[in-house]
Amino acid sequence: MDISARLKECIEIPQQKEKLDAFRSVLNDVLSSSQGPQQVNSLEEYVKAVLDVQVGLVIARQLLSELIELLDARITDRDNRKKLLLYAIGQAQLRAVSFEEQLSQMRSKLADIYTEEEDFLEAARTLQGISLDSGHRAISDDFKLDIYIRIVRLLLEVDETISAETYLNRAALLLPATPDPARGLIFKLSQARILDAKRRFLEACQKYHELSYDSQMDEEERIFSLSAAVQCAVLAGAGPMRSRTLATLYKDERTHHLPSFPILEKTYLDRVIRPEEVSDFAATLKPHHLARLTSNTTVFDRAIIEHNLLSASKIYNNISFDELGVLLNVSSEQAEQAASHMIGENRMVGSIDQLDQLIYFESGGAAFDQSGDDNVISAAAAAANGTTSTNQRLEQSMLEIAKWDSGIQNLCQDIDTIVTLIQERYPDYASEHFNAMA
């Protein structure tokens with residue numbers, strides 16, 4: 001008797017226990033047969049029979065769950081499993097309310113297959129079809145969180161940042177309720193990757209650096225996080241925040257053993273970076289780091305241009321557009337645009353004279369946002385960075401006076417420090433000569 005006839009008889013059996021045993025017998029015979037297209041066709045007929053409205057809902061759910069459990073062990077061919085799961089999901093979806101649990105299991109297995117095939121987008125779409133807000137079954141927060149994080153990771157593999165962030169926000173609402181630290185680590189890593197993909201490099205760098213200290217992660221994963229932190233710090237827009245971040249990473253002794261340390265060192269020490277010096281570092285960057293911007297340059301190119309511009313501002317008092325373009329390896333128009341962009345955002349202190357085609361750098365060029373005894377900043381730099389109440393630039397003459405005052409103040413502090421050291425180490429000499437001077 002062929003499978004179709006046997007399945008028809010199974011449907012017509014009135015006794016529930018006998019019906020259940022008859023279906024199991026058919027399933028066992030089909031799974032025991034040689035694998036191939038014929039077996040898949042028989043299993044599709046089996047699924048169709050199980051989902052027949054004449055089969056009781058309780059028995060249909062039980063039989064479908066048993067088939068799902070046997071799939072991986074009894075059907076070794078991945079393509080056959082994939083074809084069967086697609087057919088079963090399509091049939092069960094017609095009665096989705098009645099088979100929510102089974103559909104969830106099948107979609108999860110199908111997503112595993114797509115992941116093995118590296119079809120990450122289709123895997124994410126399959127998981128997105130799982131109903132997590134149903135009122136017909138109890139769904140734990142841990143299960144929801146696992147699905148959300150899994151979708152986020154799959155979407156990030158294909159740079160679907162916007163969709164990934166949507167599911168990450170959903171996961172964030174459930175994260176405080178889970179006691180599992182592993183989920184928290186995966187969440188933080190996904191959060192860092194989203195910030196990285198959105199080009200919020202300083203925030204991403206901070207997240208990566210925090211993860212690199214987490215003892216619950218493997219050593220290899222901590223090194224990966226640390227390397228990613230260095231990448232984000234280098235790619236961030238030049239300015240005071242980036243300088244502080246670079247200082248933190250440079251002082252971390254672990255970064256000295258990374259292949260990317262030479263670039264980190266040059267950026268931290270404000271040295272000009274030549275194009276031929278960045279080829280090895282550029283090879284480690286992700287695709288979105290090398291994506292073209294509206295200016296027809298990559299994110300990495302822009303970061304190097306801005307860094308070299310800030311380095312030049314600490315060497316030159318002024319420079320022409322053409323000379324700056326040669327230094328930055330760009331056209332004079334692009335050099336002017338980059339300088340005006342940084343000055344306008346208060347990431348560099350200076351002014352542009354378009355008539356004379358010159359850029360003037362003020363107070364060493366770099367903007368500051370710190371104050372205190374150990375960080376004496378000029379009034380012009382403070383004003384340009386918005387740290388004064390007036391938030392206005394000073395004229396060039398006032399700027400030079402402010403720089404002169406700052407220099408005199410530093411000189412007096414240095415002399416006072418030297419005199420104090422002499423008094424401590426040579427008190428007799430100090431009392432004899434200094435008292436006479438007084």
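I'd like the accessible area for residue 76, computed on protein heavy atoms only with a 1.4 Å probe and all protein chains in place. Round to 10 Å², please. The accessible area comes out at roughly 100 Å². When nucleic acids and ligands are ignored and a 1.4 Å probe is applied, residue 162 ends up with an accessible area of around 140 Å².
For the chain, 10, 412 stand unpaired, since no other cysteine beta carbon lies under 4.7 Å from theirs. Give me the percent of the accessible area of segment 289-368 that comes from carbon and sulfur atoms, probe 1.4 Å, all protein chains in place. Carbon and sulfur: 48 percent of the exposed surface of segment 289-368. Largest accessible area first, the listed residues 251, 266 line up as 251, 266 when surface is computed with a 1.4 Å probe on the assembled protein chains.
Largest accessible area first, the listed residues 196, 270 line up as 270, 196 when surface is computed with a 1.4 Å probe on the assembled protein chains. Cα centroid separation, segment 224-251 to segment 281-322: 15 Å. In the structure shown, the pairs 251/286; 207/266; 19/48; 8/48; 48/82; 19/83 are assessed against 21 Å; a Cα-Cα span above that value is assigned to 251/286; 207/266; 19/83.
Based on protein heavy atoms only, the chain ends up with 54 Å² per residue of surface accessible to a 1.4 Å probe. The accessible area of residue 280, taken with all protein chains in place and a 1.4 Å probe, comes to roughly 130 Å². For segment 285-363, applying the loop criterion from DSSP together with a ceiling of 16 other beta carbons within 10 Å to the trypsin sites (Lys or Arg not before Pro) yields 314. For the chain, the extents of the C-alpha atoms along the principal axes are 120, 57, 40 Å, listed from largest to smallest. Before rounding to the nearest 500, sum -39500 (n - 2.57) across all DSSP H runs of length at least 4 in the chain and divide by the residue total; then give [θ] at 222 nm in deg cm²/dmol. Per the formula, -20500 deg cm²/dmol. The calculated pair-distance distribution of segment 26-161 uses every alpha carbon pair, bins of 5 angstrom beginning at 0, and gives 2, 10, 20, 21, 19, 15, 9, 4, 1, 0 percent.
The values are calculated or read from the model by the stated rules, or taken from the named source; none is laboratory data. Keep in mind that this is a model prediction, so the values were computed, not measured. Cβ atoms come from the backbone with ideal geometry, glycine included; neighbour counts cover every protein chain shown. Accessible surface is based on the protein model in full, side chains and every heavy atom, while ligands, DNA and RNA are left aside. Shrake-Rupley method; radii C 1.70, N 1.55, O 1.52, S 1.80 Å.
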